[in-house]
1. B:Thr204: buried (at least 21 other Cβ atoms within 10 Å of the Cβ), in contact (Cβ under 8 Å) with a residue 40 or more places away in the chain, among the hydroxyl-bearing types (Ser, Thr, Tyr) and within 14 Å of chain A (Cβ to nearest Cβ), yes or no?
2. State all residues of the stretch B:4-59 that are at positive phi and of a type outside the set (A, V, I, L, M, F, W, C); if no residue qualifies, say none.
3. Filter the stretch B:186-201 down to the residues that are in contact (Cβ under 8 Å) with a residue 60 or more places away in the chain and more than 14 Å from chain A (Cβ to nearest Cβ), then identify the one that is nearest to B:Asp146 (Cα to Cα).
4. Answer yes or no as to whether A:Asn298 is modelled with pLDDT of 95 or more and either more than 15 Å from A:Glu160 (Cβ to Cβ) or within 11 Å of another protein chain (Cβ to nearest Cβ) (or both).
5. So which helices (runs of 4 or more DSSP H) stay within the stretch A:193-301 end to end and still have 1 or more residues that are under 30 Å from B:Ser214 (Cβ atoms) and touching a helix residue (DSSP H, G or I) at 6+ places or on another chain (Cβ under 7 Å)?
6. Pairs, please: C-beta under 9 Å, at least 6 apart or cross-chain, first residue at positive phi and in the stretch A:240-261, second surrounded by 24 or more Cβ atoms within 10 Å (Cβ to Cβ) and not in a loop (DSSP other than H, G, I, E, B)?
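The values are calculated or read from the model by the stated rules, or taken from the named source; none is laboratory data. Predicted model, so just to flag it, every value in this text is computed and none were measured. All Cβ positions, glycine included, derive from the backbone under ideal geometry; neighbour counts span all protein chains shown.
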Amino acid sequence: MSRNAPWRQTNWDWRAAANFMGGGAGAGLLIAAAIVSAPGDPFWPHAALALLLIGGGLASAWFEIGRPLRAMNVFLHPRTSWMTRESYVAVALFAVGLVTVLVAPRSGAVPGGGALIWACAVLAAVYLFTQTRILAAARGIPAWREPALQPLMVVTGLTEGVGLMLVLAPVAAGAVAGPAAVLLCLCLLRGLAWLVYLRRIESAGVPPAACAVLRRASTGLIVVGHVLPILLSFLALQPWPWPTGLGVLAGVVALAAGWLLKYLVVTRAAYNQGFALPWTPVRGAGDAVAGPRPGWPNGGT
Amino acid sequence: MTRYVMVADLRRCVGCQTCTAACKGANATPPGVQWRQVLDMEVGTFPDVRRVFVPVGCMHCGEPPCMEVCPTTATGQRDDGLVTIDYDLCIGCGYCAVACPYQARHISHRAAFAYGDQAMAPEVARFDEARVAVATKCTFCVDRVDKAKENGLVPGVDQEVTPVCVNSCIAGALHFGDRDDPDSAVSSLLAENATFRMHEDLGTDPGFHYVWDSE
């Protein structure tokens, strides 16, 4: 029996999702560290962790491909493929990132070090953008090609990055107030982007099964993943004890929510297009009626 | 120019799956992988219910989203419109599979046979290691179509150079040919009947037309 209604794609599983989790968080961390770091602040812990996350994500995707020994072929189609472009940017990012960690471990440590840090941030931003475009170009998955997903992915990456900055604050001896304030704003933005995305997919021809998956998770994601880190960030900004601990907690929750969001979108809500006919065939004395659209209420008719 | 397309007359298709079996036989696809299949759809509510049989597979799109996303250039498009896969370049990343709105691409990550790990003699004879762990899909029987020139034959007219699913169709529902040739059978079918293409709104310019009524 053939499947007519959209079904969940199985070509990209948690390993592909891990690439978006690690890549987004790593890129977001590089951007956040470059913007929020003060002269003299250590940059290398952030850069090292960011490169580890991005590399881990790429390695995870590598484990998913069918012919891993041919992985270098991924560089062959920069003209139109966002996956190829992502690989080029990753190479540049690793080259500049490693040099920065070795040459300018601290902001302002060496002349020109600031430029290296900013180069890292710019490449990280481009990397984040290529990842959002990878999903947008997958026209077979309606939940991914919805344009509202792109700003959501960008702001999620940035939120994860700032969250990681707070997590690293005790280790990297960084300030908490700046990142906590930024995290508060980003969580607000991400929550808004999530709600807009949810609303858009309901009316954009995304299979109802995919919408249902995201709708079911939405309340928990908003309350635990957004309201909670906003509260924690707010408390971390007050002249109360344990601002670092509160900041770390806010960062962990914001990061986990971002990763859960990506996992849900990339794997659980990844229903394919399915099949649909605008008309039924006219046989004998029958009349044409609107065609079936399996997977939608009343078969789409 | 030549633009090879498939035309399925939905008024004629009876859902016998002979094309499905013929494709399986001709292309030796592994279990679970069906380059040509016929969907069995129900429309309406009791007592006014109809069944519609819809042959599907790779649509050999004019603007193939699979080719656009492919990071390796393994997916290509010929001048005659056929969308191809170079199995030696493909890395099996699955990006084309999630980019295809027709669910036409398949990746078998390991060799699979009808009765588990033990291959039957015909399966051994036709096993192609190059097709394991890479993307595969309907080729419009490109190996047969390519014999047309050297033999002076016409795809869609002469059986030797026509896709096997078309040859096997017991109802005369499937047709293949050059859409740019005004004298071809597919051109006549498209000119004389009401047709549509699936998910046309996605801008893929599919090369698979469905006849649903006369003009």
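1. Numbers: buried (at least 21 other Cβ atoms within 10 Å of the Cβ): yes; in contact (Cβ under 8 Å) with a residue 40 or more places away in the chain: yes; among the hydroxyl-bearing types (Ser, Thr, Tyr): yes; within 14 Å of chain A (Cβ to nearest Cβ): yes.
Criteria met by B:Thr204.
2. First, the residues of the stretch B:4-59 that are at positive phi: B:15, B:17, B:28, B:32, B:44, B:57.
The answer is B:Gly15, B:Gln17, B:Gly32, B:Gly44, B:Gly57.
3. Only one residue fits best here, namely B:Val186.
4. On the way: modelled with pLDDT of 95 or more: no; either more than 15 Å from A:Glu160 (Cβ to Cβ) or within 11 Å of another protein chain (Cβ to nearest Cβ) (or both): yes.
So A:Asn298 fails the test.
5. Values: elements: A:208-222, A:228-237, A:243-263.
Correct list: empty, since no element meets the threshold.
6. A:Trp242/A:Ala236
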